[in-house]
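Where a number appears in this text, it was derived from the coordinates with a stated rule and is not lab data. Remember, predicted model here, so these are calculated numbers, not experimental data. Neighbour counts are summed over all protein chains in view; Cβ atoms, including those assigned to glycine, are modelled from backbone coordinates with ideal geometry.
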Amino acid sequence: MLSIDECYELYKKTLEECGRGILLEEEEVVAYKLFEEFATDAISFLHESLLDVLLDNGMIDNEIYEKSRELRKKYLSIEADSTLLNVKAVRTAQKWKELLILSDEIRNSLYW
């Protein structure tokens with residue numbers, strides 16, 4: 001079982017996998033980070049039960065909690081649309097743009 005500190009580090013890592021900076025990377029890096037790493041990590045480390053633990057331990061506040069829930073929801077919406085699961089869509093689709101911006105906003109709000 002992971003410690004609370006390990007959970008928080010994995011939560012932060014998940015956010016780092018999907019910020020706007022990814023758009024500067026080559027296609028292979030974008031594909032790997034978003035469609036392999038983030039796809040797996042978003043399910044686990046943005047899950048409401050983990051967010052509850054982070055909130056209860058003061059590692060995130062209510063605003064970060066709600067934005068993190070929204071980030072996961074946005075990702076699940078993207079994942080359900082196969083036309084968005086490619087690097088071209090990451091670079092051009094509004095849904096991806098919103099997700100990347102939200103991830104950056106959350107990361108910039110972290111205080112722990």
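The table that follows gives values for the structure above.
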| read-out | value |
| --- | --- |
| Inter-label distance for residue 77 and residue 5, nm, one decimal - labels placed 7 Å from Cα along Cα-to-Cβ | 3.7 |
| Pairs of alpha carbons in the stretch 4-107 whose separation is greater than 20 Å (percent) | 32 |
| Centroid-to-centroid separation of the stretch 1-42 and the stretch 52-68 [C-alpha atoms, Å] | 18 |
| Equivalent ellipsoid semi-axes - Cα gyration tensor, the stretch 73-112, angstrom | 22, 11, 7 |
| Added length on full extension, which subtracts the Cα-Cα distance from 0.36 nm per residue, residue 85 to residue 52 | 9.0 nm |
| Residues residue 112 and residue 36, FRET efficiency given R0 of 30 Å [Cβ-Cβ distance, rounded to 0.05] | 0.65 |
| Surrounding net charge for residue 97, when Lys and Arg each add one and Asp and Glu each subtract one, Cβ distance under 15 Å | 0 |
| Ranked 18, 7, criterion: other C-beta atoms within 10 Å, fewest first | 7, 18 |
